[in-house]
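These notes are about the structure you will find just below.
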Amino acid sequence: MKKFITGFNIGSASVSKVRDVFIIFWQSNAQGNGIVSELPVQDQGINEYCKMYNRHKNSLDSLNPGINSGGRAAGRFGLEQQFAKRYKQEKKKEFIILKFAIGSTFMSATANPDDWSSNETNESFDKLKSRITTLNTKLISSNIPFVWKGIIGMGGEQDATTEATANAHEAETLAFISAIRNLPEINNPDFPFIFGRVNGVDDASMAYRDTVRAAQANIAANSAYNHMIDTDSYPLSDVVHYNTEGQLQFGNDVFNVFNSNNYI
């Protein structure tokens, strides 16, 4: 049975007309380091089924890899690429992605101005919350039936750089997802949280990686609706970032979690 989480006017619309809405957030691996020119030619073009929310224009624009996909740089893409391909092929209806990710950001509260901690004000959590509210309002005012389906994250690498932030990662992440689930637009304790686990490469740049990895396993065990994806097999472009193949694997794995749990 499909789980309709929360939305607007879905009772009066056929399932094919209801837009599933997904949130992608967190650090640079959520932005994406995949290279568009390395994709098969047929996958380099626009995916008209996937609408990316553009907050600057308050518009929904078809996914154009490397142009509006929110990658780390021009010509780059993230997990949304393969996720959108699978969704188009298997679900055959339009859907929406709200993507907001910032590289080198902490989940834990620090002096960094872009922390994701829900205990900080006017930083990344509040900015994401504002985007959720604005998109929710747009969809309602446009009379578009929709369902908030889940939030997808990849991060924790920055928290692994200091002992204090690594030790705080579990509590801060659980507080973050609880705050997301309690937003009036979401308002559901079972809102799915799908996230990638920090990779296991031993590197001095992330001295507290093992602490964060253990914390992320605990986060997954905290709720049946928290799903951790093991990313250790993903190929890398450096000690942190997934390359083109790694991002495609991530998108596949995220889609599979949503699909196998009947969230979509």
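Only the coordinates and a few stated rules stand behind these numbers; no lab work does. If you're wondering where the values come from, they're calculated on a predicted model, not measured in any experiment. Positions of Cβ are generated from backbone atoms using ideal geometry, with glycine treated the same way; all protein chains shown enter the neighbour counts.
The angle between the Cα long axis of helix 124-141 and the main principal axis of the chain comes to about 0°, on a 0 to 90 degree scale. With each label modelled as a point 7 angstrom along the Cα→C-beta vector, the Glu38-Asn262 pair spans 3.8 nm. The H on the amide N of Leu236, modeled in the peptide plane, is under 5 Å from the matching H of Asn243, each at least 5 residues off or on a different chain.
Taking other C-beta atoms within 10 angstrom as a stand-in for reagent exposure, Ser117, Ser104 fall in the order Ser104, Ser117, fewest first.
For the pair Ile46 and Ala204, label points projected 7 Å from Cα toward Cβ lie 5.0 nm apart.
Of all DSSP-defined beta bridges confined to the chain, some 30% are antiparallel rather than parallel. Taking the Cα atoms only, what angle lies between the long axis of helix 209-222 and the longest principal axis of the chain, rounded to 10 degrees? With rounding to tens, the tilt is 40 degrees. Here's the picture: a label point sits 7 Å out from the Cα of Asn54 along the beta-carbon direction, and within segment 110-150 the residues with their amide nitrogen under 20 Å of it are 131-144. In the chain, the longest principal axis of the Cα atoms and the axis of helix 244-260 are about 60 degrees apart.
A quarter of the convex hull surface defined by the alpha-carbon atoms of segment 45-132 gives 6.4 nm² as the mean projection. For segment 157-166, putting each phi into the Karplus relation 6.51 cos²θ - 1.76 cosθ + 1.60 with θ = phi - 60° gives couplings of 4, 6, 4, 6, 8, 9, 5, 5, 6, 5 Hz, in residue order, rounded to whole numbers and with x for Gly and Pro. Name the lysines eligible as straight-distance cross-link partners of Lys149: C-alpha to C-alpha under 19 Å, and not fewer than 8 places from it in the same chain. In chain and number order, the partners are Lys2, Lys3, Lys17, Lys51, Lys85, Lys88, Lys91, Lys92, Lys93, Lys99, Lys129, Lys138. Approximating the spin labels as points 7 Å out from Cα along Cα→Cβ, the Ala74-to-Ala171 distance works out to 4.5 nm. With all pairs of different C-alpha atoms in the average, the Kirkwood value for the hydrodynamic radius of the chain is 18.4 Å. For the pair Ala221 and Ser104, the difference between a 0.36 nm per residue extended length and the Cα-Cα distance amounts to 39.5 nm.
Kindly state, to the nearest 0.05, the FRET efficiency for Ser178 paired with Ala111, given R0 = 30 Å and r defined as their beta-carbon distance. E(calc), rounded to 0.05, equals 0.80.
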